[in-house]
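The values are calculated or read from the model by the stated rules, or taken from the named source; none is laboratory data. All figures in this text were calculated on a predicted structure; none of them were measured in a lab. Cβ sites come from the backbone with ideal geometry, for glycine too, and all protein chains shown count toward neighbours. The area values use the complete protein model at the heavy-atom level, side chains included, leaving out ligands, DNA and RNA. Shrake-Rupley method; radii C 1.70, N 1.55, O 1.52, S 1.80 Å.
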Amino acid sequence: MRSFRLPGQDYGSPGLGYDPSREEHVVVCLGYTRLCLVTGEYAMECAVWPLRDLRPRTLASPPPIPVAVYLPPVHVGGKMYWPGISGSGAAADAAAILVFDISTETFEVVPAPPVLLDADGGDRMILAELAGKLCAVHLSVNTETMTVWSKSAEGWRENVIELGQWPEFSPRTTELVMPMAVDPMDGQILLDTGKALGYYGTRSRSLETVYSLKSQQIGDGDNGDDMLFIATVCEDSLLRPYDRMDRVR
């Protein structure tokens with residue numbers, strides 16, 4: 001295992017993607033060298049480097065729109081995605097998504113789904129990868145709902161999840177609730193808040209909590225209110241599973 005650090009100014013959250021043309025994993029990271037949301041003036045850089053030799057490069061062409069770099073980008077099918085941010089400048093566009101093609105190292109801008117964010121700033125739009133598709137997730141504080149828009153060739157498909165009856169997963173009472181994965185068998189959606197994990201049934205419209213820090217007794221009178229966990233979805237095993245037959249022999 002090797003550690004690395006980006007040169008130059010501070011960058012945002014890095015994303016790990018895959019270049020199918022070279023058959024290698026690539027780290028992609030965007031960073032601001034200048035940003036003013038009042039005037040809309042900004043300057044950005046994009047750093048990319050393969051994990052084979054960890055030699056970073058800064059691309060000559062910067063991203064065409066300002067985006068949210070505090071969350072890691074989403075990787076789907078050899079491309080990285082960032083949500084645009086709002087502002088008064090002509091370049092700012094919260095209704096757009098920035099796309100980076102890892103193989104060609106080029107940017108493009110695609111329209112986001114028709115999400116209407118509340119003027120008070122309580123709503124959020126984030127991106128996620130579910131069942132191999134790009135999804136835009138709209139979290140509404142007022143309605144306590146999560147609207148998941150999945151991208152297809154025909155456009156965006158909408159699915160609304162009402163979370164008001166489950167306070168541990170409601171956008172009104174949690175800092176951030178993220179859809180992590182979709183069960184290919186029954187379509188259940190795994191939701192993560194950093195404090196609780198639960199499966200939401202799209203057919204039954206019910207939610208089953210599978211893990212919660214609130215129910216864990218950490219210490220004397222401490223039930224984990226100030227703690228967070230990091231959930232990860234793994235498609236491949238990094239370690240050989242324990243084999244009971246080896247012990248029997």
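Scanning segment 59-72 for residues that are within 30 Å of ARG124 (Cα to Cα) and open to solvent by 70 Å² or more (accessible area, probe 1.4 Å) gives SER61, PRO62, TYR70, PRO72.
Can you pull out every residue in segment 135-173 that is open to solvent by less than 60 Å² (accessible area, probe 1.4 Å), assigned to a loop (DSSP other than H, G, I, E, B) and closer than 23 Å to ILE85 by Cα? Result: VAL141, GLU144, PRO171. Tell me whether segment 117-137 contains one or more residues that are modelled with pLDDT of 90 or more, farther than 29 Å from PHE169 by Cβ and either β-branched (Val, Ile, Thr) or over 14 Å from the mean Cα position of the chain (by Cα) (or both). No; the residues of segment 117-137 include none that is modelled with pLDDT of 90 or more, farther than 29 Å from PHE169 by Cβ and either β-branched (Val, Ile, Thr) or over 14 Å from the mean Cα position of the chain (by Cα) (or both). When restricted to residues that are open to solvent by 80 Å² or more (accessible area, probe 1.4 Å) and either touching a residue at least 40 places away in the same chain (Cβ under 8 Å) or assigned to a loop (DSSP other than H, G, I, E, B) (or both), segment 22-57 contains 7. Against the definition (touching a His at 6+ places or on another chain (Cβ under 9 Å) and either under 19 Å from LYS151 (Cβ atoms) or at pLDDT 90 or above (or both)), how does ILE102 come out, yes or no? So ILE102 fits the description; yes. Mind checking whether some residue in segment 212-231 is assigned to a strand (DSSP E or B), surrounded by 14 or more Cβ atoms within 10 Å (Cβ to Cβ) and modelled with pLDDT of 55 or more? Within segment 212-231, one or more residues are assigned to a strand (DSSP E or B), surrounded by 14 or more Cβ atoms within 10 Å (Cβ to Cβ) and modelled with pLDDT of 55 or more.
In segment 174-206, the qualifying residues are those that are among the acidic types (Asp, Glu) and assigned to a loop (DSSP other than H, G, I, E, B), and the one that is nearest to the chain's Cα centre (by Cα) is GLU175. Just to verify a result, which residue in segment 174-204, among those that are without any contact (Cβ under 8 Å) to a residue 24 or more places away in the chain and acidic (Asp, Glu), is most open to solvent (accessible area, probe 1.4 Å)? Ranking the candidates gives GLU175 first.
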